[in-house]
Amino acid sequence: MNNQTDTIAPLRDFVIGMTHLVSQESTESNLISKGSDLLETLIQTDSWLPEFCTVPHPEFYQQFLLHADPLGRFSVVSFVWGPGQKTPIHDHCIWGLIGMLRGMEKGQRYKKLASGELVMDGPETVLRQGYIEAVSPTIGDIHVVSNAIPDKTSISIHVYGANIGAVKRHTYDPTTGSPKNFVSGYSSKQIPNLWDRSAEIRASL
């Protein structure tokens with residue numbers, strides 16, 4: 001059992017679980033299915049998320065790196081949405097999972113026709129706390145996401161099959177469907193310290 005002083009333990013356990021998963025699996029559907037199970041456990045509580053990874057920006061959504069696998073096989077990110085904030089229409093170019101930790105998100109998927117035109121793919125959806133959805137080039141990779149709560153911050157935990165902040169991706173013109181290259185990077189230069197377990201060990205002395 002994790003000691004009460006080890007508040008970040010759920011995130012560390014998730015990272016360990018994902019590391020085992022990506023070491024054993026290479027099939028995308030299995031990564032998405034089994035990764036979703038791990039993520040579902042992580043987002044049952046939110047007390048593990050460090051405070052600096054919860055702070056919204058007054059103008060832009062924030063993307064805080066929680067962990068990046070040293071071999072580039074996955075990354076974990078906290079997305080923080082202030083009231084009224086939304087993404088442009090964008091893709092990911094790899095598989096990804098979105099787990100709702102606090103609040104709610106709205107999402108609208110798009111698809112490109114053979115003509116290059118970008119059209120809505122299904123109705124707008126709402127991702128509620130505790131729920132997960134997946135994206136990838138094989139199952140649908142283009143969408144726009146926004147905070148579904150007009151006066152509160154929402155936070156989602158994203159897992160991607162690469163170091164997402166360094167992936168060359170695309171935003172799309174909503175009228176013409178024309179893509180434009182972008183690299184998201186991250187909103188903070190610091191990452192949570194998953195590996196300092198000294199407080200936990202001291203408490204057991």
- Could you tell me whether the stretch 168-186 includes any residue that is part of a loop (DSSP other than H, G, I, E, B), among the aromatic types (F, W, Y) and modelled with pLDDT of 95 or more? yes
- Message: Of all residues being β-branched (V, I, T) and touching a Phe, Trp or Tyr at 6+ places or on another chain (Cβ under 7 Å) in the stretch 136-154, which is surrounded by the fewest Cβ atoms within 10 Å (Cβ to Cβ)? Just the residue, please.
- Response: T153
- Could you tell me which of the residues G130, G165, G99 is under 25 Å from T41 (Cβ atoms), part of a helix (DSSP H, G or I) and open to solvent by less than 70 Å² (accessible area, probe 1.4 Å)? G165
- Query: Among all residue pairs at least 6 apart or on different chains, which show Cβ distances below 6 Å where the first residue, located in the stretch 155-178, is of a type in the set (A, V, I, L, M, F, W, C) and the second is open to solvent by 60 Å² or more (accessible area, probe 1.4 Å) and modelled with pLDDT of 95 or more?
  - Reply: I155/R102
- Query: Among the residues of the stretch 31-72 satisfying the criterion of being under 15 Å from T153 (Cα atoms) and part of a strand (DSSP E or B), which is most open to solvent (accessible area, probe 1.4 Å)?
  - Reply: Q62
- Which one of these is on the phi > 0 side of the Ramachandran plot and either assigned to a helix (DSSP H, G or I) or open to solvent by 60 Å² or more (accessible area, probe 1.4 Å) (or both): G84, G116? G84
- Message: So, E25, is that one closer than 19 Å to G96 by Cα, over 16 Å from the mean Cα position of the chain (by Cα) and among the charged types (D, E, K, R) or not?
- Response: yes
- Message: Residues that are in a helix (DSSP H, G or I) and closer than 18 Å to A134 by Cβ: does the stretch 7-17 have at least one?
- Response: yes
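The values are calculated or read from the model by the stated rules, or taken from the named source; none is laboratory data. Everything numeric in this text was worked out from a predicted model, so none of it was measured. Using ideal geometry, Cβ is built from the backbone for each residue, glycine included, and neighbour counts are taken over all protein chains shown. Note: accessible area is taken over every heavy atom of the protein model, side chains too, but ligands, DNA and RNA are not part of it. Shrake-Rupley method; radii C 1.70, N 1.55, O 1.52, S 1.80 Å.
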